[in-house]
Every structure is written in structure tokens, then in C-alpha cells.
Amino acid sequence: MLILVLLSISSIEGQGGGGGGVIDVVAKFGAKADEKTDLTIVGSWKEACASTSPSKIVIPKGIYFLSTATLDGPCKAPIELQVQGNVKAPADPGAFKEPKWIAFNRIENFKLSGGGVFDGQGTTAYKREGCKGHDYCSSLPINLRFDFLTNAMIQDITTKDSKQFQANVLGCKNITFEHFIVSAPDESPNTDGIHIGRSDGVNVLNSEIKTGDDCVSIGDGSKNLVINGVTCGPGHGISIGSLGLFKNEEPVDGVTVKNCTMTNTSNGVRIKTWPGAEPGTCSNIHFEDIIVTNVSSPIIIDQKYCPWNKCKINEESKVKLSNISFKNIHGTSARPEAVKIICSAILPCENVELADIDITHSGPTGPAISQCSNVKPKVSGKQNPAACSAPIPAKPTPTA
């Protein structure tokens, strides 16, 4: 169904009847690629959205300035936004009244394509200067928000230097990111590449993510996710969670991460939940065919996740983890703790599998080790380091 919809979107050039066809924002709406005139995207969106036949909006090559935009549905027919140019956000974090730069909201049968760039110009925000005197630091804008979309394709698009998350997916059904590029420096805080929450059927395929936080972060209510062919680094790896911090979190169920490469990241593949706090579940999670190079924590389940010591560290997590596999993961660890599976003492992890693990570490602190707590994993194939063979220190190394 999604393929048919996207084929119909890609074949609309020259169509008429009920509106539709191609809308060039320069030719029709007088948009200027001068880096200072605000891009007139909302008017073209409204025209295309009202069309009863498929429409395509084109932002031609050039460098444009866009203050902010919320592109709302529902639309009457499939719609594509083809961005060929470079679109820049205001550099001043104080210019935003809401934590979003460009938002796509409640649209069905949507495609974002074109090879263009969304530049959040976030360098100033990364320094966090003046946060005590301003309230914008707690609500910095996300470059691209995808809220409540159904049947969507995000293809051949780059998002760079967002002031907060690069892309946020909330309440979506059947949305695919393909050849999606994220670019931000490793010192950029809270700039998750793609954050996914309360969505069903999200695919992240053949994409490249370089950022200062999780390359992909998966929040509560996420189900039927596939992450395949992603290269990650710098960044914090591919993470499920953190879970269990807030009341009424929805289950995470059905996540497959496969054929991915992590290079110089602080984590590889990870599940993280808060100690104490709130209950939840996370199940049917599969990490397979992963290459790690100089990754600080290549394989990690951390149910004592406690950044900035803001948690009840002496309590146990109330998030139940089950049916989790780590298969064919190999490469090098930057620290000795190559495998660390720290589960809850009150809700031990169930049905965890380690198969064909080969991760080495060379350094003054000795070879790679594997640590386990409150879990009895099923083990098969090569196990380097030997599964669960090292003791847990009294104060485990915190993870980012």
C-alpha cells in the first residue's frame, strides 16, 4: 500500500484537475534564495494540501531562510515536498516560541525528498550560554517534527546542526526514513538523530547519523520498528529508552536493529531504564549483525540508568525486559566492559540471548570483559569475552 502511494506521488508531474501538479515556490510564490527573506512555504502547502489530485511542492536549489513552519493536514490527496536547496533556521535560539522549527502534522500519504538540507544552525545553542537568564534552553527547537503521519517516506534528506533533536517521530504509522543523513558535532548536547515515540511501523534504512547524542533513540509506545543499514558515529549509539521515568508509559514491543555499524560511539546497542520510578515493559528486541569499532560500551542493558545522579540509584527498575537477543556482534571496545547486562533485581530480565559475540579490547586495564546481573542468558556460538564471566563492581561505570 505504501509503495503504491509513493509511486502515485512520484508520477504527478504535469497532472491537472482539482489542482495538483507541481508548485515551484520560487516561480509561483516568489521565494528568494537570498538567506534573509523568509521562505513562503505555508502558502504553497495550503494550496497543495487542498488539491484533490496528488501535488508536489518544489524548493529549488539555492540557500533559503525559514523562520519556522508548521505544515498541517489532513490533505485531500497525496502530497510531496521536494527540497533541492539548503534551508536555514534562525541561528538565535531565542527566536523560537515553541520547541520546533519545521513540523509536519496529521498528514496521510506524504513524501519528503529531493536531496536538500535542513540546517538548524545550532552552534550557538550548543554552548548553552545565558541559560540562567532565558527559558529557551529547556525548550530548544527540534529541526524536523513528524507528528501523527500515516504512510510517509522521508528520503534523500539531510538534517544538520539542530539545536535539539534532529528529527522527532511521534504518533506515526508506517513511516520510512531512507538515505537520511544527520550531521552534528559530537559535542552537541541532546541532539538525538531520530527520536521515535508512540509509533507503529517505523523503518530507518541505509542512513548515516553523526551527532552528539543517540543516533536513534526509541521511546515508550514504539512497536514494529526496523533499523537496518545505519552507520552511527560520533554519537551515543542506538538506544531503547530511557524508559520508566514517567507515569503511564506504553510498552515497547518489536524492535529489530540489523546490519548497523558503530564507530567511536559511547555505546553500541543499548536498552536503558531508570531505577525506582515507574513501571513498564520492553519485549521482542533483536540486535543482529552489528560491527563496533572503538565503542565504549558495545552491548549494554542498563537498568540502573542514572544520568547526572538524578535518580533513586539504590532502588530497582520497575520496567520488565524480555525476549531480547544480541547476535553476531563483533569489533573493538574502547573500554574493558564490552558486554554489560545489568537487570532489575525485582524484575529480572527474561529470555535474553547472546550468540556469536566477538569483541576485543586492548589496553592497560586488560582484555574485554562481560558482566551480568539478574539475568541468565542463553549462550551460543563464539563468546569473546566469555559470557557473564566478570564480577559487577560496587559502583558500575555510568553511561552517557
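Any read-out appearing in this document is the output of simple, stated calculations on the displayed coordinates, not a laboratory observation. Bear in mind the structure is a predicted one, so any value in this text is a computation, not a measurement. Neighbour counts are summed over all protein chains in view; Cβ atoms, including those assigned to glycine, are modelled from backbone coordinates with ideal geometry.
Any idea what the relative contact order of the stretch 99-212 is, in percent, if you count C-alpha pairs under 8 Å spaced at least 6 apart?
Dividing the mean separation by the residue count of the stretch 99-212 yields 26 percent.
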**Message:** Using a Gaussian network model on the chain with a 10 Å cutoff between Cα atoms, which of Ser283, Ser188, Ser380 fluctuates the most?
**Reply:** Ser380
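Please get the size of the charge dipole for the stretch 132-252, origin at its Cα centre, with Cβ charges of +1 on Lys and Arg and -1 on Asp and Glu, quoted in debye to the nearest 20. Intermediate results must be reported in sequence, preceding the final value.
Values: 9 positive and 15 negative charges, 40 e Å.
Dipole of the stretch 132-252, to the nearest 20 debye: 200 debye.
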**Fill in**
If one compares the long axis through the Cα atoms of helix 41-50 with the longest principal axis of the Cα atoms of the chain, the angle in degrees, nearest 10, works out at 80 degrees
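Just add up the charged neighbours of Ile324: K/R +1, D/E -1, any other residue whose Cβ is under 10 Å from the Cβ of Ile324.
Details: positive: none; negative: Glu350, Glu353.
So the surrounding residues net to -2.
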**From phi via Karplus (6.51, -1.76, 1.60), per-residue ³J(HN,Hα) for the stretch 231-244 in Hz, x at Gly/Pro** = 9, 10, x, x, x, 9, x, 10, 10, 9, x, 7, 10, x
**Message:** Explain nothing, just the number: dipole magnitude of the stretch 40-199 about its Cα centre with +1 on each Lys and Arg Cβ and -1 on each Asp and Glu Cβ, in debye rounded to the nearest 20.
**Reply:** 280 debye
**Request:** Quick one: which residues, 5+ away or cross-chain, put their amide H under 5 Å from the amide H of Thr176? H built at 1.01 Å from N.
**Result:** Ala152, Met153, Ile154, Asn203
**Prompt:** Based solely on its DSSP helices, what 222 nm [θ] is calculated for the chain when runs of n ≥ 4 H residues each add -39,500 (n - 2.57) and the sum is averaged over all residues, nearest 500 deg cm²/dmol?
**Reply:** -1500 deg cm²/dmol
**Prompt:** Ranked highest first by average number of other Cβ atoms within 10 Å, how do 40-47, 290-297, 323-330 line up?
**Reply:** 290-297, 323-330, 40-47
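Using the Cα centre as the reference, give the magnitude of the dipole from point charges on the C-beta atoms of the chain (Lys, Arg: +1; Asp, Glu: -1; all else neutral), rounded to the nearest 20 debye.
460 debye
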**Prompt:** What are the residues whose amide H is under 5 Å from the amide H of Glu108, where those residues sit 5 or more places off or on another chain and H is modelled from the backbone?
**Reply:** Cys75, Thr150
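Which of the peptides 202-208, 242-248 is most tightly packed, and how do the rest follow, going by the mean number of other Cβ atoms within 10 Å of each residue? Write out the running numbers ahead of the final one.
Numbers: 202-208: 20.3, 242-248: 18.0.
Per-residue Cβ counts within 10 Å, averaged per peptide and sorted highest first, yield 202-208, 242-248.
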**Message:** Under 5 Å between amide hydrogens, which residues at least 5 positions from Lys163 or on another chain qualify, with H placed 1.01 Å from N in the peptide plane?
**Reply:** Asn143
**Positive-end residue, the stretch 209-340 charge dipole about Cα centroid, Cβ charges, pick of Val257, Gly219, Gly331** = Gly331
**Item:** Karplus-derived 3J(HN,Hα), 6.51/-1.76/1.60, for each residue of the stretch 112-122, Hz, glycine and proline x
**Value:** 10, 8, x, x, x, 10, 9, 9, x, 6, x
